Amino acid sequence: MKIILRSMMVALALSTSLTHMPVMADTPPALQSTVQHHRVVFQISDNDAARWRMLLANAKQVQSTFGKPNVDIEIVALGPGIELLRFESVLGDDINQAINNGIHVVACENTMKAKHLTKDDMLPTIGYVASGA
């Protein structure tokens, strides 16, 4: 768990761009003086529903902290982590809710090939990247 949190903090720190954006109505007051647009990528390779739930909650918290219009978030699943993006996933509703809230969730196509998965095996709302690494 500490490794995931450390990775998420590094991803957040490395993803901040310096482009100033106009202040939006739902921007938290503490950030209104210098609103920046942020791009955050979370990577998950765990086939563990509890870790996925924590990741989804952290992504939502990042949106809340910076204001939804001020941050683009993508969750990239690869390796064993791709299992919870399958059509019959116990987290299907949670993942779809995150997607509906503007969080991009994508599967690694290299992992899909290695596991002999097709897009028909996956949740219909997710996206794809050639490599999640």
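The values are calculated or read from the model by the stated rules, or taken from the named source; none is laboratory data. Just so it is clear, the model here is predicted, and its values are computed rather than measured. Cβ: placed from backbone, ideal geometry, glycine included. Neighbour counts: every protein chain shown. Quick note on the areas: whole protein, heavy atoms, side chains included, nothing else; ligands and nucleic acids left out. Shrake-Rupley method; radii C 1.70, N 1.55, O 1.52, S 1.80 Å.
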For the range 88-123, enumerate the residues that are open to solvent by 60 Å² or more (accessible area, probe 1.4 Å), outside any helix (DSSP H, G or I) and either under 20 Å from residue 57 (Cβ atoms) or modelled with pLDDT under 95 (or both). 88, 90, 104
When you look at residue 59, is it assigned to a helix (DSSP H, G or I), surrounded by 14 or more Cβ atoms within 10 Å (Cβ to Cβ) and either touching a Phe, Trp or Tyr at 6+ places or on another chain (Cβ under 8 Å) or among the β-branched types (Val, Ile, Thr) (or both), yes or no? yes
So for the range 56-73 (the condition being without any contact (Cβ under 8 Å) to a residue 60 or more places away in the chain and closer than 20 Å to residue 130 by Cα), does at least one residue qualify? yes
When the range 70-87 is checked residue by residue, the ones that are buried (at least 17 other Cβ atoms within 10 Å of the Cβ) and of a type outside the set (D, E, K, R) are 70, 71, 73, 75, 76, 77, 78, 79, 81, 82, 84, 85
Assuming residue 42 fulfils every condition listed in (1) in contact with a Leu (Cβ under 9 Å, 6 or more places away or on another chain); (2) closer than 20 Å to residue 133 by Cβ; (3) open to solvent by less than 50 Å² (accessible area, probe 1.4 Å); (4) part of a helix (DSSP H, G or I) apart from one, which condition is it? (4)
Residue hits (the range 62-87; closer than 17 Å to residue 124 by Cβ and assigned to a helix (DSSP H, G or I)) are 82, 83, 84, 85
Lone unmet requirement of (1) in a loop (DSSP other than H, G, I, E, B); (2) modelled with pLDDT of 95 or more; (3) open to solvent by 60 Å² or more (accessible area, probe 1.4 Å) for residue 133: (2)
